[in-house]
Structures are given as structure tokens and as C-alpha cells.
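No value in this document is a laboratory result; all are computed from the given coordinates. All figures in this text were calculated on a predicted structure; none of them were measured in a lab. Cβ sites come from the backbone with ideal geometry, for glycine too, and all protein chains shown count toward neighbours.
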Amino acid sequence: MALSTHDAFAAGGGGRRGRRRRGRRGALSEINVTPLVDVMLVLLIIFMISAPLLTAGVPLELPKTEAAAIQDQNEPLTVSVRADGAIFIQDAEVAFEELSPRLTAMAGQGLTKPIYVRADGRASYETVARVMASLSTSGFSSINLITDTGGPSSGGVQRPEAP
């Protein structure tokens, strides 16, 4: 028995039973989601690897407080003070005398641009105070001191925990 290549339902016996066809091919009723899942898993892995690299690059041990995180959409300038007194703007080390001119040049006309001061908990109070005073006298109005959350309250009454 010979079958025609154009009549797919002829082998079923009798007439045109089954699905109706438009033209030579029918509509694709199923979507293959395997490529979509593969792409999404690759993107997930890329974001999981790259997210920790987006933090400021100078390793510090920040003091802990109960203050909430600041929600700001502008890209801030970050000044970091290490425990040994070294000062960094973003990731580049600068001398104290160069701090104000370099930040003023980076901010341009926007002296209202937020500046985040990250100081190691073991850094001397004098160094951190000098950096913040230098920023203030340079005309910057939005200076923020960054800490980690989860530490003791700065002004509340400490309650002993029940055993």
C-alpha cells in the first residue's frame, strides 16, 4: 500500500479524521521551556557571584549599631579609614592633605552629593573626626557615617536577657 506524503491521515483509514490543518504545518501548541530555564539559571549564578563584588573594596571591620540602613538612589562617594589611619576615596589611597581637593574635584558642582564615611572600629577617633571635619569645611552638606547593624543601641536602656 502506497501512502502519499501530503495526506498524513490517509493511513488512519477513511477520510479526514483527527485534527484539521491549515496549510502544511499545524500550530505549535507546546512551548519548550528548557532553554528559558537554562538561561535563567546562568543569570542567577552570574548575579550570585557578582553581587558581593559590588561593595566598597577596602576591607574594614565596621562598628555595629541599631541604626537602620539609608535608602538613597544617588551614587555616593565613599571615604574609608582603616585601623592604621590610612584614608581611601572609593578604592584609592590618598593622603589627608589631598582628601578635600580630590573629593571636591570628584563631586564637581554637586557639593550636596552624599559622602559615606566608613571607618574601622579600631581606627582612632581623632583620625575619623579630622576626616569628617575636613569634609564639612570643604562645603559638603551630606556626610554619613556608615556602621553595621545589630550592635548595642546608642541611647536606649540595655535590658538583660532572660537565661
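Model label points for L111 and D91, set 7 angstrom from Cα along the Cα-to-Cβ axis, are 3.1 nm apart.
Evaluated at q = 0.17, 0.22 Å⁻¹, the base-10 log of the normalised Debye intensity for region 64-149, with identical point scatterers placed on the Cα atoms, takes the values -0.67, -1.12. Per residue, the average separation of C-alpha pairs within less than 8 Å and at least 6 apart gives region 64-149 a relative contact order of 37 percent. Net charge of the neighbourhood of Q90, taken over other residues with C-beta under 12 Å away and scored Lys/Arg +1, Asp/Glu -1, is -1.
If the chain linking I143 and R102 were pulled fully straight, counting 0.36 nm for each residue of separation and taking away their Cα-Cα distance, it would gain 13.2 nm.
Between L36 and E126, the simple label model (points 7 Å from Cα in the Cβ direction) yields a spacing of 6.4 nm.
Give the calculated FRET efficiency between D84 and A51 to the nearest 0.05, with a Förster radius of 35 Å applied to their Cβ-Cβ distance. If you can, show how the numbers build up before the last one.
Details: r = 29 Å, r/R0 = 0.82.
With a Förster radius of 35 Å, E is 0.75.
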